[in-house]
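Asker: Encoded as structure tokens, here's the structure I'll be asking about.
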Amino acid sequence: QVQLVESGGRLVQAGGSLRLSCAASGRAFNSYAVGWFRQTPGKEREFVASITFAGGPDYADSVKGRFTVSRDNAKNTVHLQMNSLKPEDTGVYYCAAERRSCLRTSSDYAYWGQGTQVTVSS
């Protein structure tokens, strides 16, 4: 069982930066892959980025070159550094955990946080 809590979301101007954190509790977190997804009203959750238990990243094309995902297994934390933010990056950002890696589909993840709101103003 893994419990996840996201933090760091807020209102930011376009072109700005934010760092989201996903704090995990539970056993053997370092054996889980972690994904970041975002959702806006009326739309399905969209894959943003993921990181394997070994630290290998994967990014959606829309954020590649602007976002960086990293993890600190000693602190049971995964970060999403978001730079050059655009209004279309607005949404509720969720982190999710799953033992398998390289997953881009939200239904493949077993554990989810409650989400943190990111709003990018133009």
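Each row is one residue, and each column tells you yes or no for (1) of a type in the set (A, V, I, L, M, F, W, C); (2) not in a loop (DSSP other than H, G, I, E, B).
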site	(1), (2)
Asn30	no, yes
Arg38	no, yes
Ser62	no, no
Gly65	no, no
Thr68	no, yes
Leu80	yes, yes
Glu88	no, yes
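Asker: Among the residues of segment 1-28, write down those that are outside any strand (DSSP E or B) and more than 11 Å from Leu80 (Cα to Cα). Before you say what the answer is, go through the steps one by one.
Answerer: Pass one, segment 1-28, residues outside any strand (DSSP E or B): 1, 8-10, 14-17, 27-28.
If the condition is that a residue be outside any strand (DSSP E or B) and more than 11 Å from Leu80 (Cα to Cα), then Gln1, Arg10, Ala14, Gly15, Gly16, Arg27, Ala28 are the ones that fit.
Asker: Moving on to the next point. Can you say whether Ser84 is free of Cβ contacts under 8 Å to residues at least 40 places away in the same chain, over 19 Å from Glu6 (Cα atoms), open to solvent by less than 70 Å² (accessible area, probe 1.4 Å) and not in a strand (DSSP E or B), as far as the supplied structure shows? Give the derivation first.
Answerer: Numbers: free of Cβ contacts under 8 Å to residues at least 40 places away in the same chain: no; over 19 Å from Glu6 (Cα atoms): yes; open to solvent by less than 70 Å² (accessible area, probe 1.4 Å): yes; not in a strand (DSSP E or B): yes.
No, not satisfied.
Asker: Does segment 9-25 hold any residues that are surrounded by 13 or more Cβ atoms within 10 Å (Cβ to Cβ) and farther than 15 Å from Ser70 by Cα, and which are they?
Answerer: Selection gives Gly9, Val12, Ala14, Gly16.
Asker: Tally up the residues in segment 96-119 that are part of a strand (DSSP E or B), more than 16 Å from Gln3 (Cα to Cα) and in contact with a Ser or Thr (Cβ under 7 Å, 6 or more places away or on another chain), please. Walk me through it before giving the result.
Answerer: First pass over segment 96-119, keeping only residues part of a strand (DSSP E or B): 96-98, 111-112, 116-119.
Imposing the further condition that a residue be more than 16 Å from Gln3 (Cα to Cα) reduces the set to 117-119.
Retained after the next criterion (residues that are in contact with a Ser or Thr (Cβ under 7 Å, 6 or more places away or on another chain)): 118-119.
Residues that pass the stated criteria total 2.
Asker: Could you check segment 43-74 and list, in sequence order, the residues that are hydroxyl-bearing (Ser, Thr, Tyr) and either free of Cβ contacts under 8 Å to residues at least 40 places away in the same chain or surrounded by fewer than 21 Cβ atoms within 10 Å (Cβ to Cβ) (or both)? Spell out how you get there, then give the answer.
Answerer: Just the residues of segment 43-74 that are hydroxyl-bearing (Ser, Thr, Tyr), to begin with: 50, 52, 59, 62, 68, 70.
Residues satisfying the conditions are Thr52, Tyr59, Ser62, Thr68, Ser70.
Asker: Among the residues of segment 44-56, is there at least one that is within 22 Å of Ser107 (Cβ to Cβ), among the aromatic types (Phe, Trp, Tyr) and under 10 Å from the mean Cα position of the chain (by Cα)? Steps first, please.
Answerer: Residues of segment 44-56 within 22 Å of Ser107 (Cβ to Cβ): 44-53, 56.
Filter once more, so that each one left must be among the aromatic types (Phe, Trp, Tyr): 47, 53.
Still in the running and under 10 Å from the mean Cα position of the chain (by Cα): 47.
The answer is yes, given that some residue of segment 44-56 is within 22 Å of Ser107 (Cβ to Cβ), among the aromatic types (Phe, Trp, Tyr) and under 10 Å from the mean Cα position of the chain (by Cα).
Asker: Residues of segment 87-109 being surrounded by 21 or more Cβ atoms within 10 Å (Cβ to Cβ) and touching a residue at least 60 places away in the same chain (Cβ under 8 Å), which ones? Write out each step before concluding.
Answerer: The initial filter retains those residues of segment 87-109 that are surrounded by 21 or more Cβ atoms within 10 Å (Cβ to Cβ), namely 89, 91, 93-97, 109.
Of everything in segment 87-109, those that are surrounded by 21 or more Cβ atoms within 10 Å (Cβ to Cβ) and touching a residue at least 60 places away in the same chain (Cβ under 8 Å) turn out to be Tyr93, Tyr94, Cys95, Ala96, Ala97, Tyr109.
The values are calculated or read from the model by the stated rules, or taken from the named source; none is laboratory data. Just so you know, these numbers come straight off a predicted model, no measurement behind them. FYI the Cβ positions are ideal-geometry reconstructions off the backbone, even for glycines, and counts take in every protein chain you see. These accessible areas exclude ligands, DNA and RNA; they are computed on the full protein's heavy atoms, side chains included. Shrake-Rupley method; radii C 1.70, N 1.55, O 1.52, S 1.80 Å.
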